[in-house]
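Step one of this worksheet: look at the structure below.
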Amino acid sequence: MRRTRRSSSRLRITPFLGLLAALLLPLGITFAPRATAAPAADPVRVMPLGDSITGSPGCWRAVLWNRLLNSGHKDIDFVGTLPPQGCGQAHDGDNEGHGGELVTNVADQNLLPGRLAATRPDIVVMHFGTNDVWSSIAPDRILAAYTKLVTQMRASNPDMRILVAQLIPMNPASCAACAQRVVDFNARIPDWARATSTERSPITVVDQWTGFSTATDTYDGVHPNASGDDKIAARWFPALAAVLDAGVPENPGGPGGPAACTARFRAVSMWQGGYQGEVTVTNTSASALSGWTATVVPANGARIGQVWNGTVSTAADGTATVTNAAWNGALAPGASATFGFVATAPATAGAPAATVTCTGKSSAD
């Protein structure tokens, strides 16, 4: 929420000063040049990301916004493709909280890159996955979606700061199992964050579950009421304030930053208990790449083992990060490189599938 204000008094005074200078010049009297203040830095752009808990109307955002301002954090801009949705108090209401969305659908349908391109956040504050848990989607799949979204955030801004919530409790009348599902999913988030966080783009886990009561802090067992909004904002505040105090890098990316590429998976062959897969990385940018990194999230509990034509590291949740080998990192615009792997899979896994993304390093910078 940027506002530019002009001073009408300055506009009236300036012509007078010019006339006074013209009258005094014949007498040998001159004015010293007026010091010009340095232009103000752009505000830090913060994207609240999630579902209806974040955006419909997501009044914890209003509480958080005003608490940040009252504590001196005035150079901030909440961003998102969705407009303000009420809440009865002045605040920057732009957000990315889409009611009813599943984080797995956002990842599968690649909905986030366009939203990131439209808003260019420096920090993402994410409470996302409640609808997935309600839909009994496995934690492995939800965390794989988290990983894909984080990869897309870093492709948009290599220095992205990411705050991820352990979800508030859920106990709707129509889902007796939901309460325990949230507990089980939240227990997985810290290990995922440790495995996915990087020094350049750290992930901070914020516990929104502890101390939150569905009986007193929601109006339907799921969505926060006024006291719930206060609690959510109170948990976000110290984590977000710490990131703002530390500062975020200007001009994200820069020389050697990520360039555009795509990754495509195919199953070469399969057998009982495993399969051979292949990923093709293609340079879709206008400049040559000096290297690339692909993220592979196998579906249905599969785990990647042996990899060739690349170097692999595997996170605790099974997400594999593959970097180019010495001989296949340089890619001209439109050129491709392929690496293969062997994965083990449960007998009930079904047809091989994986979510793949990539980032490239431009050799032109």
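Data for the structure
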| read-out | value |
| --- | --- |
| Residue that is modelled with the highest pLDDT, among those in segment 247-260 that are touching a helix residue (DSSP H, G or I) at 6+ places or on another chain (Cβ under 9 Å) and not small (Gly, Ala, Ser) | Pro258 |
| Residue list for segment 73-84, filter: open to solvent by less than 50 Å² (accessible area, probe 1.4 Å) and not aliphatic (A, V, I, L, M) | His73, Asp77, Phe78, Gly80 |
| Index of the failed condition, Asp92 passing every other in (1) within 13 Å of the chain's Cα centre (by Cα); (2) not in a helix (DSSP H, G or I) | (1) |
| Any hit, segment 144-161, residues being more than 15 Å from the chain's Cα centre (by Cα), surrounded by fewer than 22 Cβ atoms within 10 Å (Cβ to Cβ) and in a helix (DSSP H, G or I) | no |
| Residue among Ala179, Ala165, Ala145 that alone is out of contact with any Phe, Trp or Tyr (no Cβ under 9 Å at 6 or more places or on another chain) and not hydroxyl-bearing (Ser, Thr, Tyr) | Ala179 |
| Residues located in segment 67-84, provided they are within 20 Å of Ala165 (Cβ to Cβ) and either touching a strand residue (DSSP E or B) at 6+ places or on another chain (Cβ under 6 Å) or assigned to a helix (DSSP H, G or I) (or both) | Arg67, Leu68, Ile76, Phe78, Val79, Gly80, Leu82 |
| Flag for Val63 being open to solvent by 10 Å² or more (accessible area, probe 1.4 Å) and in contact (Cβ under 8 Å) with a residue 12 or more places away in the chain | yes |
| In segment 202-236, residue most open to solvent (accessible area, probe 1.4 Å) [restricted to those that are in contact with a Ser or Thr (Cβ under 8 Å, 6 or more places away or on another chain) and part of a helix (DSSP H, G or I)] | Thr216 |
| Top-ranked residue in segment 116-140 [being open to solvent by 30 Å² or more (accessible area, probe 1.4 Å) and of a type outside the set (A, V, I, L, M); ranked as farthest from Gly318 (Cα to Cα)] | Arg120 |
| Cross-chain or 6+ apart pairs with Cβ under 9 Å, segment 302-326 first and in contact (Cβ under 8 Å) with a residue 40 or more places away in the chain and closer than 19 Å to Pro352 by Cα, then surrounded by fewer than 17 Cβ atoms within 10 Å (Cβ to Cβ) and aliphatic (A, V, I, L, M) | Ala302/Ala353 |
| Residue under evaluation Phe185, criteria (1) of a type in the set (A, V, I, L, M, F, W, C); (2) over 30 Å from Ala351 (Cα atoms); (3) in contact (Cβ under 8 Å) with a residue 12 or more places away in the chain, criterion not met | (2) |
| Among (1) of a type outside the set (Phe, Trp, Tyr); (2) without any contact (Cβ under 8 Å) to a residue 40 or more places away in the chain; (3) open to solvent by 60 Å² or more (accessible area, probe 1.4 Å); (4) at positive phi - the single one Cys87 does not satisfy | (3) |
| Test: residue in segment 175-192 that is open to solvent by less than 40 Å² (accessible area, probe 1.4 Å) and part of a loop (DSSP other than H, G, I, E, B) | yes |
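The values are calculated or read from the model by the stated rules, or taken from the named source; none is laboratory data. The model shown is predicted, which means the values in this text are computed figures rather than measured ones. Neighbour counts run over all protein chains shown; Cβ positions are idealised from the backbone, glycine included. All accessible areas refer to the heavy atoms of the entire protein, side chains included, with ligands and DNA or RNA removed. Shrake-Rupley method; radii C 1.70, N 1.55, O 1.52, S 1.80 Å.
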